[in-house]
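K.L.:
Handing you this structure, nothing more for now.
Computed from the coordinates by the stated procedures, all read-outs in this text should not be read as laboratory data. This one's a predicted model, so the numbers in the text were calculated from it and none came from an experiment. Because the Cβ atoms are built from the backbone with ideal geometry, glycine has one as well, and the counts that use them run over all protein chains shown.
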Amino acid sequence: MTSEQRPTGAKIIDGKALARTLRIECRARAQALAQAGCIPGLAVVLVGSDPGSRVYVTNKVRACAEVGVASRLLEFPADVPESDVLAAIRTLNNDPAIHGILVQLPLPPHIALRQVLETISIEKDVDGFHLYNVGGLVLGNAVFPPCTPYGVQKLLESEGIDVRGQNVVVVGASNIVGKPMALMLMQQEATVAICHARTRDLAQFTILADILVVAAGVPGLIVPQMVKAGAVVIDVGINRLPDGRLVGDVDFEGVRKKASHITPVPGGVGPMTVTMLVVNTLDSAERAWRGR
């Protein structure tokens, strides 16, 4: 093989570019709804003053404004009684101007996450965390797919990557990313293995992956010798280093020389997560408008 024929490295999957394209489509859908007399609405509940949570909320509110979705931010102090938060959610459930409800995580320890998630109306659970939606992933009929796995699915589709019959390894077994991601991939007839903190010899699993999805929250966890040549690598992790840099769970510079496709951090999965929240909200608004 000559130097001109040697591979130059993985194709970088540009989440920012795909998110821009999808948001243009979202803007058209929101305008169509508005012309019909329905303004899509998303309510965001923020408890406490965690800086990271506030950044995420700001990004979500900005994305809504960009496409024409009305957003309503409900802020509570960290010591708010759980009953007040639940009462606010019930009010939003009954508000016809609100089509999606998002409770920003994490919540303070005294507020039961499961109680909060189960209080959100299934028809407005645009984060896809209600038990009904999680269970729906098993059967393939969730009302709303969780936003991050949904975003990963769209990234793979945008690159024409067919997961059917592929060996997929998901590193990280969280309820937010790892588990729903595995369920969604199985619905598409992939062969899926889930690895987690207690997996022994992680590399023996990752090296077999045609598609590797990493959502462990450990910077630099996946190094080149753990990745099969030509694999598709999706890095969901986002970690801030002491020097302020944002990095993923994958050694990007090393792994990109071996993979066929790879997502960067930042600029890969992150923009898609916020975009799919907007997509779910518009789906909810359209469903509500049709059933009015």
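K.L.:
What whole-number value in cubic angstrom gives the convex hull volume per residue for the C-alpha atoms of the range 37-136?
P.N.:
Numbers: hull volume 9.4 nm³, N = 100.
So the per-residue Cα hull volume is 94 Å³.
K.L.:
Quote the relative contact order of the chain in percent (integer), defining contacts as alpha-carbon pairs under 8 Å separated by 6+ residues. Before the final figure, lay out the partial values.
P.N.:
Details: 555 pairs, mean separation 63.7, N = 292.
The value is 22 percent.
K.L.:
Roughly what angle does helix 15-36 make with the longest principal axis of the chain, taking Cα atoms, 0 to 90 degrees, to the nearest 10?
P.N.:
Approximately 20 degrees, to the nearest 10.
K.L.:
Over the range 170-285, what is the relative contact order in percent, taking alpha-carbon pairs closer than 8 angstrom and at least six residues apart?
P.N.:
On the way: 200 pairs, mean separation 23.5, N = 116.
Over the range 170-285, the number comes to 20 percent.
K.L.:
What distance in nm separates the simple spin-label points at Arg114 and Ala229, each placed 7 Å from Cα in the Cβ direction?
P.N.:
Reported label-point gap for Arg114 and Ala229 is 4.9 nm.
K.L.:
When ranked by the protection proxy of mean other Cβ atoms within 10 Å per residue, highest first, what sequence do the peptides 80-89, 231-240 form? Write out the running numbers ahead of the final one.
P.N.:
Details: 80-89: 15.7, 231-240: 23.2.
Final packing ranking: 231-240, 80-89.
K.L.:
For the chain, what is the mean residue ellipticity at 222 nm derived from helices alone (per DSSP H run of n ≥ 4: -39500 (n - 2.57); sum divided by total residues; nearest 500 deg cm²/dmol)?
P.N.:
-12500 deg cm²/dmol, from helical runs alone.
K.L.:
Then there's this: Viscosity 0.692 mPa s, temperature 37 °C: Stokes-Einstein D of the range 146-269 from its Kirkwood Cα radius, in µm² per second?
P.N.:
Working: Rh = 14.1 Å.
Estimated diffusion coefficient is 233 µm²/s.
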